[in-house]
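**Student:** What follows is a single structure, and I will ask about it in a moment.
The values are calculated or read from the model by the stated rules, or taken from the named source; none is laboratory data. Keep in mind the model is a prediction, meaning the values are calculated, not measured. Every residue, glycine as well, gets a Cβ built from its backbone with ideal geometry; the counts of neighbours run over all protein chains shown. Surface areas here come from the heavy atoms of the whole protein model, side chains and all, with no ligands, DNA or RNA. Shrake-Rupley method; radii C 1.70, N 1.55, O 1.52, S 1.80 Å.
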Amino acid sequence: MFRHQGKSRTLKHNLRIATILSFVAGIVNVTGYLAFKQLTTNVTGHFALFIYDFANFDFWKGTIYFLYIFSFLFGSFLSSFLIEKYRENKRLNVFVLPTVIECLVLISIGVISNFMELKYTNLLICLLLFAMGVQNSFVTKISDAVVRTTHLTGLFTDLGIDLSLMCFPKLANQKKLLKSNIKLRVYIILFFFAGGLIGGFLYSEIDLKLNTLIFAAFLLLASLFFDDFRSKVIKAKRKYNQKRNI
């Protein structure tokens, strides 16, 4: 699900990566809000507050929201930059680097929270937004903008459009594609919701606090290594079958 890109991707590939990443984003979203009372997976609300503060001449206060927005933007930029830079290296899965960076950020915040009092909350919010920018960028590139996992506004818009198109008989030839798109978007929404539920449970009921982010990171790493292992097994089987046929 991490290796295939563009035309080689199928609905199955997109469903696999969408469920994992939207689940992780749901965990980060709820954990960030419970810990810092701020949105940590998207910047729409932060942009509105940024404009509001500047309109009221609270420039310093508005700068904080600008940093939130910039952190998400920089994460997206860095992820795309690394993918393009190492794309020519056929031996390297270029999506490993952004995934590892995201996981390192999440694990670092969780680990640090166990050893010191977290005073610089704005910095931690910026780091979480950076991690989500990284994730949103690489899943957008890997799926050719079909999958988005860190926020739901566009998803509900696209879902509403697809559902409306299903009502027109003249578009019957497109129904297979529409059904695939609807299925993908419903999966993302449901797993984002499930990630939020699990994240809230781990944070509050199990009392993991910010260690919940470590759980999300390990889940992402496990899916990455499983995908790599599965890819190597498939290649080994193909080589074996080719040799046997020869």
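**Student:** Of all residues in segment 220-246, count the ones that are under 21 Å from Ile27 (Cα atoms) and either open to solvent by 100 Å² or more (accessible area, probe 1.4 Å) or touching a Cys at 6+ places or on another chain (Cβ under 7 Å) (or both).
**Tutor:** So the answer is 4.
**Student:** Please determine whether any residue of segment 133-147 is more than 21 Å from Lys12 (Cα to Cα) and part of a helix (DSSP H, G or I).
**Tutor:** Scanning segment 133-147 turns up at least one residue that is more than 21 Å from Lys12 (Cα to Cα) and part of a helix (DSSP H, G or I).
**Student:** Please go through (1) β-branched (Val, Ile, Thr); (2) farther than 16 Å from Cys103 by Cα; (3) in contact with a Phe, Trp or Tyr (Cβ under 7 Å, 6 or more places away or on another chain) for Thr212 and return the number of the only condition it doesn't satisfy.
**Tutor:** (2)
**Student:** Return yes or no: is Arg148 closer than 18 Å to Arg16 by Cβ and open to solvent by less than 80 Å² (accessible area, probe 1.4 Å)?
**Tutor:** no
**Student:** Among the residues of segment 144-157, are any touching a helix residue (DSSP H, G or I) at 6+ places or on another chain (Cβ under 8 Å), touching a residue at least 60 places away in the same chain (Cβ under 8 Å), under 26 Å from Ser231 (Cα atoms) and hydrophobic (A, V, I, L, M, F, W, C)?
**Tutor:** The answer is yes; a qualifying residue exists.
**Student:** Could you please let me know if Ala217 is in contact with a Cys (Cβ under 9 Å, 6 or more places away or on another chain), of a type in the set (A, V, I, L, M, F, W, C), open to solvent by less than 50 Å² (accessible area, probe 1.4 Å) and part of a helix (DSSP H, G or I)?
**Tutor:** The answer is yes for Ala217.
**Student:** Give me the pairs: first residue in segment 33-44 and touching a residue at least 12 places away in the same chain (Cβ under 8 Å), second residue in a loop (DSSP other than H, G, I, E, B), beta-carbon distance under 8 Å, and six or more apart or on different chains, which are they?
**Tutor:** Listed pairs, sorted by first residue: Thr41/Thr150; Thr41/His151; Asn42/Thr150; Asn42/His151; Thr44/His151.
**Student:** Checking the conditions here, which among Thr19, Thr31 is closer than 16 Å to Ser143 by Cβ and either open to solvent by 60 Å² or more (accessible area, probe 1.4 Å) or at pLDDT 85 or above (or both)?
**Tutor:** Just a single option satisfies the conditions, and that option is Thr19.
**Student:** Additional query: Can you find even one residue in segment 167-178 that is open to solvent by 30 Å² or more (accessible area, probe 1.4 Å) and in contact (Cβ under 8 Å) with a residue 12 or more places away in the chain?
**Tutor:** Among the residues of segment 167-178, not one is open to solvent by 30 Å² or more (accessible area, probe 1.4 Å) and in contact (Cβ under 8 Å) with a residue 12 or more places away in the chain, which makes the answer no.
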